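A short write-up of the structure that comes next.
Here, each number is a calculation from the coordinates, and none is a lab measurement. Keep in mind that what you see is a predicted model, and the values were worked out from it rather than measured. Using ideal geometry, Cβ is built from the backbone for each residue, glycine included, and neighbour counts are taken over all protein chains shown.
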Amino acid sequence: MKKKISILATLSFLGCSSSSNNFTLKGKIAVFGSVPHTYIGIKDSKSNRIFKISNASKFNLSKLQNHTVQIKAKLEKEPIGPGFPAVISVVKIEK
């Protein structure tokens, strides 16, 4: 229960850190999950949390696998639990 509260508190802080609900993440782009339920995401280097990227094809992030990037993102969906990470949409990539 404490873990869920800390995750929600972290995401709430990240989501409210700027006036436009955008926040900055720095981490490694990778493919997560198992076939047929794979997705492109980013593993935050500070918190070691994984975020699913909903618009990865728009920014061609599959070519940036295993690269560390800094992105501006918007939180779309809170994490549900293990195996269901928070969903974000990328606003801007800062390599």
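So here's what we get for this one:
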item: Criterion: under 9 Å from the mean Cα position of the chain (by Cα), assigned to a strand (DSSP E or B) and among the charged types (D, E, K, R) - qualifying residue of LYS52, LYS92; result: LYS52
item: Residue identified as part of a strand (DSSP E or B) and without any contact (Cβ under 8 Å) to a residue 24 or more places away in the chain among LYS72, LYS43; result: LYS43
